[in-house]
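Working notes for the structure below.
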Amino acid sequence: MRITAKGQVTIPQDVRERAGLMPGTDVEFEIEGGVVRRVKARAGGRRRTRGQKLVDSLRGRGDFKMTTDEIVALMRGPSADEG
């Protein structure tokens, strides 16, 4: 197997299937005594997406003073009995 100029390598299909590596699976690499091992990423070790980072950076910054019920009522508009 050859590593590309971008540092990529193709894992053969039979190896991916036996290891349970599906598209989108996060992996990590460990180095022990000059040996590199590929392991599935730990559940807590997932990298955040760009969208998740954006939401996290905005969380708690709002100064909106309406309750959820008030926002929903505003979005729905006047009810039929309010005329």
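Odds and ends about this structure:
- Residue in region 29-43 that is more than 29 Å from residue 3 (Cβ to Cβ) and either in contact with a Ser or Thr (Cβ under 6 Å, 6 or more places away or on another chain) or assigned to a loop (DSSP other than H, G, I, E, B) (or both) present: no
- Leading residue by the ranking (modelled with the lowest pLDDT) among those in region 62-83 that are in a helix (DSSP H, G or I) and either in contact with a His (Cβ under 6 Å, 6 or more places away or on another chain) or hydrophobic (A, V, I, L, M, F, W, C) (or both): 80
The values are calculated or read from the model by the stated rules, or taken from the named source; none is laboratory data. These figures come from a predicted structure and were not determined experimentally. We place every Cβ from the backbone using ideal geometry, glycine too, and count neighbours over all the protein chains shown.
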